[in-house]
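Please read the structure below before turning to the comments.
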Protein chains: 2
Amino acid sequence: MREFCTAILLGIFLLPVTGATQPSDIRANPDRLEQRIKALSAFGANADGGVDRVAFSEADLAGRSYIRGLMREVGLSVRMDTAGNIIGRREGSEPDLPVIMFGSHIDSVPGGGNYDGDVGVIGAIEVIQLLNDNAVRTRHPLEVVVFTDEEGGLTGSRAMVGEIGDTTLSVVSHSGMTIGDGIRAVGGDPNRLDLAERRPGEIKAFIELHIEQGAILHDEKFDIGVVEGIVGIRWWDVTIEGFANHAGTTPMNRRWDAMISAAEYILAVNRVATSMSGGQVATVGRLHAEPGAPNVIPGEVVLSLEIRDLSTAKIQRVFDEIRREGERIADARFTPIRYAEIDVASPPAPTDEQMRRIIAASADDLGLSFKFMPSGAGHDAQDMAQIAPTGMIFVPSVNGVSHSPKEFTSAQDMANGASVLYRTVIAIDAGALE
Amino acid sequence: MREFCTAILLGIFLLPVTGATQPSDIRANPDRLEQRIKALSAFGANADGGVDRVAFSEADLAGRSYIRGLMREVGLSVRMDTAGNIIGRREGSEPDLPVIMFGSHIDSVPGGGNYDGDVGVIGAIEVIQLLNDNAVRTRHPLEVVVFTDEEGGLTGSRAMVGEIGDTTLSVVSHSGMTIGDGIRAVGGDPNRLDLAERRPGEIKAFIELHIEQGAILHDEKFDIGVVEGIVGIRWWDVTIEGFANHAGTTPMNRRWDAMISAAEYILAVNRVATSMSGGQVATVGRLHAEPGAPNVIPGEVVLSLEIRDLSTAKIQRVFDEIRREGERIADARFTPIRYAEIDVASPPAPTDEQMRRIIAASADDLGLSFKFMPSGAGHDAQDMAQIAPTGMIFVPSVNGVSHSPKEFTSAQDMANGASVLYRTVIAIDAGALE
């Protein structure tokens, strides 16, 4: 049944593809991808086999320089926008058409791995190489992008959609520099970020190839993830008030122990998140008890509550149910619970439905298995979705490990992703995206 | 029934009492006690109405000087032992008899209150005053003691029973000084602590008057607590191992969340402690999650488990049952649990049974209501119990508040305690203790 549907999709979307070789024959080169990933991983390499290449660091500057070199090698004309985003352009045959853009980032978290972001950038360059090797001239201009400081808060893509203000520029990044100073250090101009903005209509489509950073594809043995969207995130600090008292002199039945209520609350969070159907997640990752001494009954517990889902309404529904359960606990144990929402909320960013179908059809045509799935992590694609039809291609992360030197994606999986990216670009260029 | 039994007790123990006035007529003076507590509270007074008079601080030195003055005022001959314990002695009529010792401490926790320890010292001086005022000469010599650094680990009483080693002397106390340097600062000699030791037989009895530091007497409206013993304490660091992972990309059913297991564990601790009969308490006062970020599933939780009871066997039974419950949680959630016992264990220190009866009879004779109860907090009396028959007299703490500027005990309650102490000393002197 899936194959039947896909055949129809392919029939619809891939008919107008042009080029010297049938795109289904064109495959990315696993060895070349792996060799370049390896070369990139030298910049900021740490003793654990991963990288410390936080945005704006020396290692980041060196890695960016390496990427600009690769871009030039494959014939791209390279520029940098005022946000420090590196943009490598290949002109199309019809100069008035909007650009098809694809790429990712090369900055890492502290103690990061060699695949997060990197696969999308190296894979995008591979697409250009395949076009060159097969003498394919696209109608649309193409742009390979390396976004600035993804791990520090999607800085480059937010600048591209006009969302960086002075507050963000003054935030101190992992490098120790403020984001503003960091942008200056990589060659951008934080005072003229308006020049980095792209308008709706300028970009025909944006596509990001990325490792999954979760274990779903790996565990379920799928080659490709077709991303349905990037989940929205809301985060609260939840304060549970008890009464601090001497752990020796206060009998069990005279306690208002905030830790006991917190324990019931944590289990309620888990129960609510697992009892609803769907892919929502809710997490208590941090807990602080006051005064936090072994011999004092906790008088207060502050814990973090984070909820993610593809649907804003679903996030609210999960929170409402948790709050109801919390009220029951607070009433039963005489330990009031209050909420402070932390302003990091990012709304869900669904990908473009046509883009999903094009990516799925591309995978299927290549004989690759695929799964529609949400992205639980944030990506530059969520910003780009505001100004262009956006799609994301996931490849498996072994055991779902990410943000760790142990992060690993095989050369073949990287090549599969790059092949799907190539085919998707060709399909969009050929008119598959209305 | 209680009055009947007490009458018998009184008949047995109080017959040999001598003195110009019947001791039942002699009562401590609430106003004098309150005035002296107030005077003492000036040393280290903080803005919240409590005191910062940690051992070895300037405030402690000043407070000690004030107490030495009071001791001299009531005719005691004052000395200091090599551990810095202040000892005020009143000779008895039979020089060969062992000493009856009573007292407490005047050092506070940081941000402490005006009654913890202080009531026992001021109350002991009141007893001497009552003896003077009523021209009572005891057969036994009497010693009023102010122990050094109670709040830092029962330093003075441990020295008196020969338990301070070099490791303890090098511990940095709240004052910033090591305990060794602190002892030197108050005038002791940490190199000759052997001279501070007292041998079994030297002390006929030790009695400590203290505020309850819990709410049992206050809530149940008893005047006097007859302490059955000081509970033993054991403390473990409990480590629960999960698997740290991305809170966005890891579905609920693929998590090994150490926080969820910790929550179940905390509830199991509470369930075990409350489901057994008896006065045992078990507390989780501290919890640390790694990495402790709102967007990461906790890969490890370390929490404190503290268990107290009057019986060593009961503590072990509570722990064994908690450990069994923990194994069930660990197995069900695939989150191993391991224990590291922290070496602060203090074994239960029961008070002397005859002493309890003498204190109870004294209270009853004064028309005061009393309750037999454990002490959940540690006291110098637990050390003294190793070398002498020991008793403790509790007076109510309003709302059980302690180690806080809000600590409060009424003048009348202090006077009740001092009256019971007086009567107990007289009874022991008269031969009530075999």
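Per-structure values
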quantity: Stokes-Einstein D for the protein assembly as shown, Kirkwood Rh over Cα pairs, 20 °C, 1.002 mPa s (µm²/s); calculated: 68 µm²/s
quantity: For chain A, the spread of Cα positions along each principal axis, largest first, Å; calculated: 84, 53, 40
quantity: FRET efficiency, A:S93 to A:R27 (Cβ-Cβ, R0 25 Å, nearest 0.05); calculated: 0.55
quantity: Dimensions (Å) - region B:284-353, Cα atoms, principal axes, largest first; calculated: 57, 23, 16
quantity: 24 Å Cα cut-off, lysine pairs counted over the protein assembly as shown (separation 8 or more, or different chains); calculated: 8
quantity: Cα gyration tensor, region A:176-310 - rounded (a/c under 1.5), prolate or oblate; calculated: oblate
quantity: Minimum 50 Å² accessible area buried by the other protein chains, region A:283-306 residues, probe 1.4 Å, relative to alone; calculated: A:T283, A:G285, A:L287, A:P294
quantity: For region A:231-273, residues shielded by at least 40 square angstrom of accessible area compared with the chain on its own, probe 1.4 Å; calculated: A:H246, A:G248, A:T249, A:M252, A:R254, A:M259, A:I260, A:A263, A:I266, A:L267, A:N270
quantity: Within the accessible area of the protein assembly as shown (1.4 Å probe), percent carbon and sulfur; calculated: 50 percent
quantity: Nitroxide proxy distance, nm - points 7 Å out along Cα→Cβ at A:L61 and A:F372; calculated: 4.7 nm
quantity: Region A:232-346 - charge dipole about Cα centre, Lys and Arg +1 at Cβ, Asp and Glu -1, debye rounded to 20; calculated: 240 debye
quantity: Chain lengthening between A:D219 and A:A135 when straightened (0.36 nm per residue, less Cα-Cα); calculated: 26.4 nm
quantity: Label geometry 7 Å along the beta-carbon vector: B:D48 inter-copy distances in nm; calculated: 4.0
quantity: Euclidean distance of C-alpha centroids, region B:34-112 and region B:245-308, integer Å; calculated: 44 Å
quantity: B:I393 long-range amide H proximity, modeled H, under 5 Å; calculated: B:E208, B:L209, B:H210
quantity: Where rotation carries B onto A, the chain B residue whose Cβ is nearest that axis, in whole Å; calculated: B:A263, 2
quantity: Farthest toward positive dipole pole in region A:232-346 [+1 Lys/Arg, -1 Asp/Glu at C-beta], among A:I329, A:T250, A:I240; calculated: A:I329
quantity: Dipole axis of chain A (+1 Lys, Arg; -1 Asp, Glu on Cβ), positive-most option in A:P190, A:G180, A:L303; calculated: A:L303
quantity: Derived scalar couplings ³J(HN,Hα) [region B:273-289; Karplus, 6.51 cos²θ - 1.76 cosθ + 1.60; whole Hz; x for Gly, Pro]; calculated: 5, 8, 8, 7, 6, x, x, 4, 10, 9, 9, 10, x, 9, 8, 10, 9
quantity: Residue-wise HN-Hα coupling along region A:181-190, computed from phi with Karplus coefficients 6.51, -1.76, 1.60 (Hz; x: Gly, Pro); calculated: 5, x, 4, 5, 5, 8, x, x, 9, x
quantity: Cα-centre dipole for the protein assembly as shown with unit charges at Cβ (Lys and Arg positive, Asp and Glu negative), debye to 20; calculated: 600 debye
quantity: Two-site FRET efficiency, B:E341 against A:S275, from Cβ-Cβ distance with R₀ of 45 Å, rounded to 0.05; calculated: 0.75
quantity: Cut-off 9 Å between beta-carbons: net charge of the residues surrounding B:E300, Lys and Arg +1, Asp and Glu -1; calculated: -2
quantity: Residue-count net charge about A:G123 - beta-carbon cut-off 12 Å; Lys, Arg +1, Asp, Glu -1; calculated: -3
quantity: Proportion of all alpha-carbon pairs of region B:232-346 beyond 23 Å (%); calculated: 30 percent
quantity: Taking the convex hull of Cα positions in region A:371-434, its mean projected area over all directions (nm²); calculated: 5.5 nm²
quantity: Dimensions in Å of region B:217-293 - Rg and Dmax from alpha carbons; calculated: 19.0, 61
quantity: Proximal charge balance of B:L195 [Cβ under 11 Å; K/R count +1, D/E count -1]; calculated: -2
quantity: Between 0 and 90°, nearest 10: helix B:353-365 axis offset from chain B longest Cα axis; calculated: 60 degrees
quantity: Backbone HN-Hα couplings from phi across region B:376-385 [Karplus 6.51/-1.76/1.60, Hz, Gly and Pro as x]; calculated: x, 9, x, 8, 4, 4, 5, 6, 4, 4
quantity: Efficiency of FRET from Cβ geometry, B:T312 and B:D237, R₀ 25 Å, rounded to 0.05; calculated: 0.75
quantity: Between region A:360-388 and region B:186-235, the alpha-carbon center distance in angstrom; calculated: 70 Å
quantity: Angle in degrees between helix B:58-73 and the longest Cα principal axis of chain B, rounded to the nearest 10; calculated: 20 degrees
quantity: Copy-to-copy label separations for B:P347, where each label sits 7 Å from Cα toward Cβ, in nm and ascending; calculated: 6.9
quantity: Label distances, nm, B:Y66 versus same residue in remaining copies, Cβ-directed 7 Å point; calculated: 7.0
quantity: Highest to lowest packing among B:382-393, A:244-255, scored as the average C-beta count within 10 Å; calculated: B:382-393, A:244-255
quantity: 0 to 90° range, to nearest 10: angle between helix A:30-41 axis and chain A longest Cα axis; calculated: 60 degrees
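The values are calculated or read from the model by the stated rules, or taken from the named source; none is laboratory data. Given the structure is predicted, the values throughout are model-derived calculations rather than measurements. Every residue, glycine among them, receives a Cβ derived from its backbone with ideal geometry; neighbour counts consider all protein chains shown. Keep in mind that these areas ignore ligands, DNA and RNA; they rest on the heavy atoms of the full protein, side chains included. Shrake-Rupley method; radii C 1.70, N 1.55, O 1.52, S 1.80 Å.
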